[in-house]
Amino acid sequence: MNKLNVIATKGHQTGLGLISALFVITVLALLAAGMASLSVSSAQTHTQQILNIRAHSAAHSAMQIYQAKTAAKMQCTKEPVHYKYETQGLYGCQASLSCENVDYQKSSYITLKVNASCGTGIDSASAQLTKRLVN
């Protein structure tokens with residue numbers, strides 16, 4: 001009778017090992033899927049941050065280009081000025097600058113407003129800047 005108990009016990013241990021192995025494999029697969037999802041999310045966040053920096057740089061560049069071109073006369077153009085960048089770092093970015101003259105208490109002010117964007121579709125970013133100058 002003692003031998004029968006030993007044989008029956010060995011049979012139960014084999015089934016338990018298989019279930020434990022399947023459980024461990026399932027848990028590891030879920031961990032791997034979670035890590036992959038986290039990696040994709042991190043890459044998307046990094047891409048969006050770079051696009052935001054590029055859009056902000058495009059807006060600053062448009063403002064500086066306009067100020068450099070109109071430094072002598074500091075007069076606004078009636079139509080918005082559009083910039084499309086083909087340079088490395090800002091390739092695919094565009095900016096639109098509008099200018100407005102305002103006279104207030106014997107002073108003349110110029111307000112520059114820039115809207116810039118980089119990228120297309122879901123992978124895009126935009127930036128808006130406003131600067132007021134005393135003329």
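A short reminder: the numbers here are calculations on the coordinates, not readings from a lab. Just so we're clear, the structure is a prediction, and the values are computed from it rather than from any experiment. Cβ sites come from the backbone with ideal geometry, for glycine too, and all protein chains shown count toward neighbours.
About its Cα centre, the dipole of the range 2-134 is roughly 180 debye, where the only charges are +1 on Lys and Arg Cβ and -1 on Asp and Glu Cβ. If a paramagnetic tag sat 7 Å from the Cα of Y109 along the Cα-Cβ line, which residues of the range 54-75 would have the backbone N under 13 Å from that point? Within reach of a label on Y109, which here means backbone N under 13 Å from a point 7 Å along Cα→Cβ, the range 54-75 contributes nothing.
With all projection directions averaged, the alpha carbon convex hull of the range 2-134 covers 14.4 nm².
Under 14 Å from the 7 Å Cα→Cβ point of K131, by amide nitrogen: which residues of the range 101-120? Within reach of a label on K131, which here means backbone N under 14 Å from a point 7 Å along Cα→Cβ, the range 101-120 contributes 110-116.
Considered as an equivalent ellipsoid built on the Cα gyration tensor, the range 24-74 has semi-axes of 49, 4, 4 Å, the largest given first. Less than 5 angstrom separates the built amide H of S108 from those of N135, all sequence-distant by 5 or more or on a different chain. Averaging Cα coordinates gives a centre for the range 15-81 and one for the range 95-135; these two points are 25 Å apart.
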